[in-house]
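The values are calculated or read from the model by the stated rules, or taken from the named source; none is laboratory data. What you see is a predicted model, and the numbers here were worked out from it, not measured in a lab. Glycine also receives a Cβ, built like all others from the backbone with ideal geometry; neighbour counts cover every protein chain displayed.
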């Protein structure tokens, strides 16, 4: 059983179906996207894991799952990783668009 906590649950462990649903969606129950990261701790160097963007934040979401404890087979894992990367890239693109809009608004004000 995967050791995780959930945004919507105070339980220290999620069922397999809940963990799978979060990973397939790419978003946690709190609405934030999940991240695929690598541990750099002394206890787990190089170990891959999934966590919510709000993990250990003031909102105390708490979704965390070691990748080697997931219920995915290799094909589903690759799909989830690619989805996570795509969501990250889309977030970066949105930030660039928002920055460009801000720059354009500033140019309009200067032109007036």
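Assorted remarks:
- Summed over the range 1-19, residues that are within 12 Å of residue 63 (Cα to Cα) and either surrounded by fewer than 18 Cβ atoms within 10 Å (Cβ to Cβ) or modelled with pLDDT of 85 or more (or both) total 7.
- Any hit, the range 66-75, residues being outside any strand (DSSP E or B), modelled with pLDDT under 80 and within 13 Å of the chain's Cα centre (by Cα): no
- Any hit, the range 24-42, residues being under 20 Å from residue 79 (Cβ atoms) and in a helix (DSSP H, G or I): yes
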